[in-house]
1. Which FRET efficiency value, to the nearest 0.05, is calculated for D215 and L143 with the Förster distance at 45 angstrom and r the Cβ-Cβ distance?
2. Starting at the first residue of region 249-256, write each ³J(HN,Hα) from the Karplus equation 6.51 cos²θ - 1.76 cosθ + 1.60 with θ = phi - 60°, in whole Hz, x for Gly and Pro.
3. Would you please put 161-173, 112-124 in order of how densely packed they are, using the mean number of other Cβ atoms within 10 angstrom per residue and starting with the highest?
4. Using heavy-atom solvent-accessible surface (probe 1.4 Å) with all chains present, what is the largest-first order of T129, T251, T176, T144?
5. Quick check: residue separation of R167 and Q125 times 0.36 nm, minus the Cα distance between them. What number comes out in nm?
6. Put a dot 7 Å past each Cα toward the Cβ at N227 and L193; how far apart are the dots in nm?
7. In whole Hz and in residue order, list the ³J(HN,Hα) couplings for region 174-191 that follow from phi through the Karplus curve 6.51 cos²θ - 1.76 cosθ + 1.60, θ = phi - 60°; x for Gly and Pro.
8. Working with all protein chains in place, sort E136, E207, E213 by solvent-accessible area computed with a 1.4 Å probe, largest first.
Amino acid sequence: QTQTCGHMQLLRNLLSQNKLFYMGHSAGAIMSGSNILTATFKCIDAFSIVTQPYNAPFLKLPPSCDETSDSSSFFVSDKNNLYKSRMQMLHLMNKYKAWRGYDVVMNVLIFPHYDSRPCFASFPQSAETYLSATNEEGEFYQLTGSLLVNDDTNDDDDDTNNRKEPRDVQQIRNETNTRQLPCYPIANGHAILFQCDALSKAVVGIEALSPEEEDGGVLHWDIYMPNVSCPNYEPYTHVAGRSCFAKGCFTKDDNTVAGDRLSDGCYKGGRICSRLDALGLPNVGSCDDVNGLFRSSL
């Protein structure tokens, strides 16, 4: 944030000046790579809406009118039907040939919302999903499909015995396994800056950015930053020249806890350490440090 404009407006200004290509978080970041297979980890199928229109000169996006007619009326009546919603997503993916990413950052994959907080509601659904789909070097290597649909539309949505991976998804997964693509985990609140090179098939440069708390430090890469609890965002903004989050934003928040970094136990979250080292990301240090929030002091 600057004294003249907030960070979102700053991004918009840089985009309009052709000084920045911003894919955003979540599925937007996934789309920046060579394919969007990592989206099937959690069936993410949305873009970063705020900044996406600014990328229109560089991208061919699905026609909004077709998207509306294809999906809006469907999800009103069948939004809770797992089989139908996944089949609808697959239909749109195939219709727009959307499995192919934009190659903005060449041969990399991105896994957003990495959440290694040591509880069942977080770790198995996020961190374990990433760890089981990558090798020790952080390269994509997913041996078992994760986007599964029933064979028969009449099957019970809760019946998992009859679900299979769609053939086209399986083909992309197997092909991607052979390419040894680095897959970067990003927890909420963190960011990676890639330097794109249209003439190269490798990532030219990487900078990892993490939230900082006043009088606290820089959050470890595996710390999942909490949602903003204050309705007017006062601890985060409203102070001219603020360069970090207000004191207590993380240290006094019950949901801001260290990720599991153990080599044994229920989750074995310490498996992330070799991946962070291999990918050039800030490591959490000792895997026995189960309580630390910050990797450096301010």
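The values are calculated or read from the model by the stated rules, or taken from the named source; none is laboratory data. Quick caveat, the model's predicted, so the values are computed rather than measured. Methodologically, a virtual Cβ is constructed for each residue, glycine included, from the backbone with ideal geometry; neighbour enumeration extends over all protein chains shown. When the accessible area is computed, the model is the full protein with side chains, heavy atoms only, and any ligands, DNA or RNA have been set aside. Shrake-Rupley method; radii C 1.70, N 1.55, O 1.52, S 1.80 Å.
1. Once rounded, the FRET efficiency stands at 0.50.
2. 4, 9, 5, 9, 9, 5, 8, 8
3. 112-124, 161-173
4. Result of the area sort, largest leading: T144, T251, T129, T176.
5. 12.8 nm
6. 3.0
7. Result, rounded to whole Hz: 5, 5, 5, 4, 7, 8, 6, 7, x, 10, 8, x, 9, 7, 3, x, 9, 8.
8. Final ranking, largest accessible area leading: E136, E207, E213.
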